[in-house]
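Data first, discussion second: the structure below is written as structure tokens.
Just so it is clear, none of the values below were taken in a lab; they were calculated from the coordinates. Source: prediction; values computed, not measured. Reconstructed Cβ throughout: ideal geometry from the backbone, glycine too, with neighbour counts over all protein chains shown.
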Amino acid sequence: MKGTKDGFFGKLGVSEDQIKKEYGVDLYLFLDAVALGLKDEEISDLIGYDLEKVKKVRERLGNVGSEIGLTYKKDLPT
């Protein structure tokens, strides 16, 4: 099942663990906020991450935006 879990993150060129280690950010929570179309400032306020950290993570993910949609993790095991 690991291959399925890493499918979307593989497209972004990152792993969930890698982002957690580098930035201390829950990647699923972050991407859910991005998928909803929230701006960096809104993500920072809502989730409680420092604005600069949010900007760095989004940049690290290739400036991913709401186009990922809420179904980005549909193939993940439950």
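Among V25, V14, which comes first, then next, by fewest other beta-carbon atoms within 10 Å?
Details: V25 21, V14 18.
So the ranking, lowest neighbour count to highest, is V14, V25.
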Worksheet item: Considering only the other residues whose Cβ falls under 11 Å of the Cβ of E59, what net charge follows from Lys and Arg at +1 and Asp and Glu at -1?
Response: +3
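Which ordering of S66, S44 is given by a fewest-first count of other beta-carbon atoms within 10 Å?
Numbers: S66 12, S44 18.
Fewest to most other Cβ atoms nearby, the residues stand as S66, S44.
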Worksheet item: What percent does the relative contact order of the stretch 2-68 come to when contacts are Cα pairs within less than 8 Å and at least six residues apart?
Response: 31
Worksheet item: Among L61, I47, L29, which residue has its Cα positioned farthest towards the positive end of the charge dipole of the stretch 2-68, with +1 placed on the Cβ of Lys and Arg, -1 on the Cβ of Asp and Glu, and the dipole taken about the Cα centre?
Response: L61
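Arranged by the count of other C-beta atoms within 10 angstrom, fewest first, what order do E16, E42 take?
Values: E16 16, E42 13.
Placing the least packed residue first, the sequence is E42, E16.
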Worksheet, complete the sentence: log10 I(q)/I(0) for the stretch 2-68, Debye formula on C-alpha points only (no solvent), q = 0.12, 0.13, 0.18, 0.28 Å⁻¹, two decimals, reads -0.26, -0.31, -0.60, -1.43
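Let me check I've understood the local charge: for V25, count other residues with C-beta under 11 angstrom from its C-beta, Lys and Arg +1, Asp and Glu -1. What total comes out?
Working: positive: K20, K21, K53, K56, R58, R60; negative: E16, E22, D26, D50.
Summing Lys and Arg as +1 and Asp and Glu as -1 gives +2.
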